[in-house]
Amino acid sequence: ISTKQSQQVLRDTALKGIEEMFEALQHLKNWKPHRNTDMPDFDRQEFLEEVVDAFNYFLSVLVLVGVNEEDFFKAYEQKDSIIRDRLKNGY
């Protein structure tokens, strides 16, 4: 992870995940507060497909860094606890 090449691979992989999230967000057409028209059409399957693509890229980043399921779950629990405390305290 300390070499330039390996960091470039990680960065490129993460950016591909971000691109996929942007593709997913393009399926949301009814979020603009300034738009008076209602656009209720939503293709859930296409949205889900793009989110799954993004998830796979982000998961690949974790694998490339050497994070296993135990490491990930522990980090998730720690961050989740912080977020819950913030929400309880009106953060």
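Here are some notes:
- Rolling a 1.4 angstrom probe over the chain with all protein chains present gives an accessible area of which 55% lies on carbon and sulfur atoms.
- 15 Å beta-carbon shell around residue 23, net charge (K/R +1, D/E -1): -4
- Scaled against 2.2 N^0.38 Å for its residue count N, the alpha carbon radius of gyration of the chain is 1.44.
- Farthest toward positive dipole pole in the chain [+1 Lys/Arg, -1 Asp/Glu at C-beta], among 91, 3, 21: 91
- The chain, dipole about Cα centre (Lys/Arg Cβ +1, Asp/Glu Cβ -1), debye to the nearest 20: 540
- Over the chain: helical MRE at 222 nm, DSSP H runs n ≥ 4 each giving -39500 (n - 2.57), nearest 500: -24500 deg cm²/dmol
- Average accessible area per residue (Å²) across the chain - probe 1.4 Å, nucleic acids and ligands excluded: 87
The values are calculated or read from the model by the stated rules, or taken from the named source; none is laboratory data. Note that the structure is a prediction, hence the values are computed from the model and not measured. As a convention, Cβ positions derive from the backbone with ideal geometry for all residues, glycine included, and neighbour counts pool all protein chains shown. For the accessible areas, the whole protein counts, side chains as well, though only heavy atoms, and no ligand, DNA or RNA atoms are used. Shrake-Rupley method; radii C 1.70, N 1.55, O 1.52, S 1.80 Å.
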